[in-house]
1. With a cut-off of at most 16 other beta carbons within 10 Å, and DSSP calling the residue loop, which GluC sites (Glu not before Pro) in region 152-232 qualify? Please list them.
2. With Kirkwood's inverse mean 1/r over C-alpha pairs for Rh, give me the Rg to Rh ratio of region 534-639, two decimals please.
3. Over the Cα atoms of region 177-308, each weighted equally, I'd like the Debye log10 I(q)/I(0) at q = 0.15, 0.20, 0.21 Å⁻¹, rounded to two decimals.
4. Would you mind working out the accessible area per residue for region 167-234, using a 1.4 Å probe, and quoting it in Å²?
5. Using a 1.4 angstrom probe on heavy atoms only, work out the carbon and sulfur share of the accessible area of the chain in %.
6. Cα-based Rg (one decimal) and Dmax (whole number) for region 434-559, in Å?
7. Taking the Cα-to-Cβ direction at residue 233 and at residue 375 and moving 7 Å from each Cα, how far apart do the two end points lie in nm?
8. Which entries in 43/480; 367/436; 129/480; 539/575; 39/124 show an alpha-carbon gap greater than 25 Å?
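The values are calculated or read from the model by the stated rules, or taken from the named source; none is laboratory data. Computed from a predicted structure; not experimentally measured. Cβ coordinates were reconstructed from backbone atoms using ideal geometry, including for glycine residues, and neighbour counts include every protein chain displayed. Only protein heavy atoms, including side chains, enter the accessible area calculation; ligands, DNA and RNA are left aside. Shrake-Rupley method; radii C 1.70, N 1.55, O 1.52, S 1.80 Å.
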Amino acid sequence: MSSDIYQPPEDIVSRTLTTKDQYDALYAQSVNDPEGFWKEQAKRIDWMKEPTKIKNTTFEYPDVSIKWFEDGELNVSVNCIDRHLKDRADETAIIWEGDEPDTDEHITYAQLHRRVCRFANVLKELGVKKGDRVTIYLPMIPEAAYAMLACTRIGAVHSVVFGGFSPEALAGRINDCDSAVVITADEGRRGGKTVPLKANVDEALKHAHGVEKVLVVENTGNDIKMKGGRDVWWHEAANGIDEFCKPERMNAEDPLFILYTSGSTGTPKGVLHTTGGYLVYASLTHEVTFDYRQGDIYWCTADVGWVTGHSYILYGPLANGATTLMFEGVPNYPDASRFWQVCDKHKVNIFYTAPTAIRALMGAGDKYVEGADLSSLRILGTVGEPINPEAWEWYNKHVGRGKCAIVDTWWQTETGGFMITPLPGATPTKPGSATKPFYGVQPEILDQEGKVQTETETEGVLCIKDSWPGQMRTVYGDHKRFVSTYFETYKGYYFSGDGCRRDKDGYYWITGRVDDVLNVSGHRMGTAEIESALVAHDKVSEAAVVGYPHDVKGQGVYCYVTLMTGEEPSDELKKELRNWVRKEIGPIASPDLIQFAPGLPKTRSGKIMRRILRKVAENDFGSLGDTSTLADPSVVDDLIENRENR
Ligand code: 6R9
């Protein structure tokens, strides 16, 4: 734990939205009088019908129910676009920066309005109605934003699937939410390579039978196959279509989007967010945590396929009338100076990225960042995993040049927006700590038995005591799973799945997942998903997957694989299995290390003892703990002897 404390930079304090005193007062109000606090905050968005009921929530097991602003009516696209037209029609809503350094586009709010309306009208022509689910499998091009906003315009529920997911993963997500329409592009571009998105959709649709229409955006222009009657080119469908689309009146609790995320068991869960509470929360957290000022150029480097892209590329910033930068490329293409060149090119004021990117760029050498000016930067954010103090210090010194505020924002797909984070002008920071709770958020640390830890300085699992408006409402189609995943183990609390330490100053330090979820380069994946991909290979009889510390990715994927009788271990087969997992799930789940193990450590009841597998993967043999309950303790020696070396 780093003991350094950094005071908010003078320049920021002198003109901040939120001073320390204001934070203290508002935080106190937000937890003492949530009704009053959120009634006031709800005014930041435009309602077609103002809510009179503010909060109606209970974490009481098993009757968990979460409703915010439940009699309010609104439309998200109106809040993100139309309401800015009066004053800011010709200001830039989206700066798009392409994969190649010489490609970019500025899209004004007026243009965004026309394009989203046209997109919405095309969806209507394809038969999409309020409440229908639409799967979006697009690269980071402006059409991804148009498609998402178009869904909100007509009340359709989008499910964005990250373009790096495989056809199999895509098919599972299409089927789970019953999408009849998929929006994709011919191909994507990333780091100078193309991604065969349409071909992946074709492959996925062999296993997803409910899809009637595929809307295809022409992006690279390379040849692809179009299936008659099913596939429709966006530019053909949009030809001559009306440039106005009347926004649908939505209830605050109508579903807004589904986003699939990994848990410790089974298939990914469809996290469902609803309309009113989510938008209030995304817009408030964006403004306050980034100390956002009208006119700022704001860049979040995430992909819209993740929640960070939803809340902090699209909905939060656009609801606030910001200029949001959307980047198609990757941090190290053409070289490791790309991020910094983009910051200089567009005079970015607020920059938000992931620790894994910071570590990778730090590893590439200081010369890439030293050549950049970066004087426009004021606020730097990080998200996705705990940031190690070395990376924090490097970010502060080399990117922030010691004059920026750093906000380490802890939150989850499930929380919709920031939960624990510093505020730039209010919170002294400590490298590696997400610091203090956001308004309305009451973190509690519980021990394994579920006892709330009352001392300030403590460690345990991180739970949240009461609801906040951005909270997910259910797992799509499986409310029981929602209740059992988040509210069963620690009754009366939302259980985050993260471990956490609180220091003597009341600062929170997230220590990582306490369940079987890996965080590889800030991407969440369940060990169970990778295991089921491995055992689906016909040479594999059994597999167990754990994480191990990785310098750049945070965690790496370590796979123990038992082969079918008669199969010979080989480097060739390792390669085959690696490619297999990439094909089954996607490149982000690619195994880093594969160890062939004749047997896995199991209890007599047949449960794999992951604790031991983790220790071996971590190279920590000294503390294997009690192995006497194993059915065959000798397998452990074999595991240690044949450990994969990094
Ligand atoms: C937004 C997002 C959520 C998990 C979460 C935690 C980890 C995210 C973090 C962090 C430490 C931070 N996490 N931000 N850990 N410090 N600032 O990443 O959502 O993909 O659902 O992942 O990521 O473990 O539980 P999601």
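1. 212, 218
2. 0.97
3. The Cα Debye sum returns log10 ratios of -1.13, -1.34, -1.33.
4. 45 Å²
5. In the chain, the share of accessible area belonging to carbon and sulfur is 47 percent.
6. 16.9, 54
7. For the pair residue 233/residue 375, the computed spacing is 4.8 nm.
8. Check vs 25 Å cut-off fails for 43/480; 367/436; 129/480; 39/124.
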